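**Student:** Pasting a structure below so you can have a look.
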Amino acid sequence: MLEYLHVGTARDLAGGDRRLYRFLEIIPGFLAWITLALVVYVSFLAPAAAAIFIIVFDIYWLIKTIYLSLLVRSSFRRMRQHLKINWPERLQATGLNPMLPGVQWNDLYHLVILPVYREPYEIVKECLQAISNAHYEKDKFIVVLATEERAGDHVAELACQAQAEYGDAFFKFLVTTHPIGIEGDLPGKGSNEAWAGLRVKKEIIDPLSIPHEQVIVSVFDIDTIVPPQFFACLAWHYMTAVRPLNSSYQPIPLFTNNIWEAPAFARVFAFSTTFWQMIQQARKEQLVTFSSQSIGLKALIDIGFWQRNVVSEDSRIFWQCLLRYDGDWQTIPMYYPVYMDANVAPTFWQTLKNQYKQIRRWHYGAENNPYFMFGFLKNKQMPLSQKLHLSFVQTERTWSSPTNALIIFMLGWLPIVVGGPAFTETVLSFQLPRITATIMNISMIGLITSAILSINLLPPRPPQYGRFKWIWMTLQWVLFPINFIFFGAIPALDAQTRLMLGRYMGFWVTPKARLRSALEVFRKAV
């Protein structure tokens, strides 16, 4: 096993490697802060140059907005088409894959790992029920409820309820308990999933001599509602992939289980996250795993399962595999949804707080940048062109998160405010607000696209909400600029600053709350 595959932070290394990794950890936050500082600095000393930069940047953003809007629409159309396909029928028509010698589609097992912390049993039950409703042979399912010892008596009772109700619903149903205090474990999803994966391998897969090539592992958040044909769709992608054993499989997350209950800012963020993932699905060469995902068991065992010492295990596993297989790894986009919860808490202010913490945790995915860059330097087998391409794409993406919104919406007027009389009396100073306003107004095409698609993705309106709610569901997108800053740039800057300063984050579990049955919402939606 390559030792660097399981490095979590610079503290896991020594000597020159530790100093190098620490330097790489500093880069994301440093690039963000130096960009913002330079914009402010140049606005004071050379306001004309700053104004020109802002106009050019706004034009760049306009072009990028149009391009991303086209990608969203493309992915949305493909998802609608894939929802109309009879996947069990298509799966049965598949032939043999030369990369899976002798494996028929009905030889495949689905190992489903469901990490649980302190969620209500009603949410756990609906997730398990959705899996049991799958249009797939139940004797091909191994379902693992991965609990945490640190969750106390609640999760023990929850596990007993689940075992009693669903213990016989699948080929195998296993409850695992991730112990407290394992050396090297960061409490959170990654360490819990890795523990569960090892247990099921030792207690089920190996004793029954199930070939690892015939097992597809899916990891879902416990609020996930899986459509009945999802596993047939997943198996078809696995059976028809060019390199099935060297691929991850990524569905589209739709955060609509409780979307009608969520405050407007949480709805905008939920849909924005879905649209961003749709954009990534359309850029296969850049697609990294996120949230709910699937992978072959063979690769999972080969890399030593999920990292136990990181926050962003869902994306880290992509980089683990990419480095382990010397660049021969890809994420296959599944234009098929899984349904998850938007952020909802008992009070508005608690939802606000939870939303910020969740986004900050997601943006802490910047911890992957030093990881893969360090790995690229250690791995001499990967093509240099691939290393450079991925480094540029991921660095630009990480840099954009905390800077773009602040440059567009907050710093765009700065040269006029601080540029002094010599600049404010120029034609450029007079035209700057008009030019930027015009560009931003044209960029509204992105918000219009988002509003239209979000209405199409909504489940049926609950009876307790009046018709006026539909109007607000459209008008809510006027909040996007505020969301873009306070639930985008600022938590991203927060996360990257913590990484830069070596104040490493732990895994924060997003509380789950619903007023209605997510399964009932799903049934009405389809």
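**Student:** All but one of (1) assigned to a helix (DSSP H, G or I); (2) modelled with pLDDT under 85 hold for Q496; state the number of the condition that does not hold.
**Tutor:** So Q496 meets the others, but not (2).
**Student:** Answer yes if at least one residue in the range 109-117 is more than 17 Å from S294 (Cβ to Cβ) and surrounded by fewer than 17 Cβ atoms within 10 Å (Cβ to Cβ), and no otherwise. Quick ask: steps written out before the conclusion?
**Tutor:** In the first step, residues of the range 109-117 are kept if they are more than 17 Å from S294 (Cβ to Cβ); the result is 116-117.
With the extra rule that they be surrounded by fewer than 17 Cβ atoms within 10 Å (Cβ to Cβ), the set shrinks to none.
The answer is no; no qualifying residue exists.
**Student:** Given E157, E213, E203, which one is under 21 Å from Y121 (Cβ atoms), assigned to a helix (DSSP H, G or I) and either of a type outside the set (S, T, N, Q) or in contact with an Asp or Glu (Cβ under 9 Å, 6 or more places away or on another chain) (or both)?
**Tutor:** E157
**Student:** While we're on this one: Please verify whether I301 is in a helix (DSSP H, G or I), on the phi < 0 side of the Ramachandran plot, among the hydrophobic types (A, V, I, L, M, F, W, C) and touching a helix residue (DSSP H, G or I) at 6+ places or on another chain (Cβ under 7 Å), treating the condition exactly as stated.
**Tutor:** Numbers: in a helix (DSSP H, G or I): yes; on the phi < 0 side of the Ramachandran plot: yes; among the hydrophobic types (A, V, I, L, M, F, W, C): yes; touching a helix residue (DSSP H, G or I) at 6+ places or on another chain (Cβ under 7 Å): yes.
Yes, satisfied.
**Student:** Kindly check whether there is at least one residue in the range 325-339 that is more than 23 Å from R498 (Cα to Cα), touching a residue at least 24 places away in the same chain (Cβ under 8 Å) and among the charged types (D, E, K, R). It would help to see each step written out before you state the result.
**Tutor:** Applying the first criterion (more than 23 Å from R498 (Cα to Cα)) to the range 325-339 yields 325-339.
Add one more test, that the residue is touching a residue at least 24 places away in the same chain (Cβ under 8 Å), and what stays is 325-339.
Filter once more, keeping what is among the charged types (D, E, K, R): 326, 328.
Yes, some residue in the range 325-339 is more than 23 Å from R498 (Cα to Cα), touching a residue at least 24 places away in the same chain (Cβ under 8 Å) and among the charged types (D, E, K, R).
**Student:** Inside the range 107-123, can you point out the residues that are more than 19 Å from F231 (Cα to Cα) and either part of a helix (DSSP H, G or I) or among the aliphatic types (A, V, I, L, M) (or both)?
**Tutor:** Scanning the range 107-123 gives V116, Y121, E122, I123.
**Student:** Okay, moving on. Please work out which residue is nearest to Y109 (Cα to Cα), limiting yourself to the range 163-181 and to residues that are within 27 Å of the chain's Cα centre (by Cα) and not in a strand (DSSP E or B).
**Tutor:** P179
Okay, residues lined up against (1) free of Cβ contacts under 8 Å to residues at least 12 places away in the same chain; (2) at positive phi; (3) surrounded by fewer than 15 Cβ atoms within 10 Å (Cβ to Cβ):
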residue: C127; (1), (2), (3): no, no, no
residue: V143; (1), (2), (3): no, no, no
residue: T147; (1), (2), (3): no, no, no
residue: V155; (1), (2), (3): no, no, no
residue: L158; (1), (2), (3): no, no, no
residue: Q161; (1), (2), (3): no, no, yes
residue: A164; (1), (2), (3): yes, no, yes
residue: G167; (1), (2), (3): yes, no, yes
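Residues checked against (1) within 23 Å of R78 (Cβ to Cβ); (2) crowded, with 23+ Cβ neighbours inside 10 Å; (3) charged (D, E, K, R):
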| position | (1), (2), (3) |
| --- | --- |
| L287 | yes, no, no |
| I301 | no, no, no |
| W306 | no, yes, no |
| F318 | yes, no, no |
| L323 | no, yes, no |
| Q330 | yes, no, no |
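**Student:** Any residue that is touching a His at 6+ places or on another chain (Cβ under 9 Å), under 30 Å from N97 (Cα atoms) and of a type in the set (V, I, T) - is there at least one of those in the range 191-203?
**Tutor:** No, the conditions are met nowhere in the range 191-203.
The values are calculated or read from the model by the stated rules, or taken from the named source; none is laboratory data. Since this is a predicted model, take the numbers as computed values, not measurements. Cβ sites come from the backbone with ideal geometry, for glycine too, and all protein chains shown count toward neighbours.
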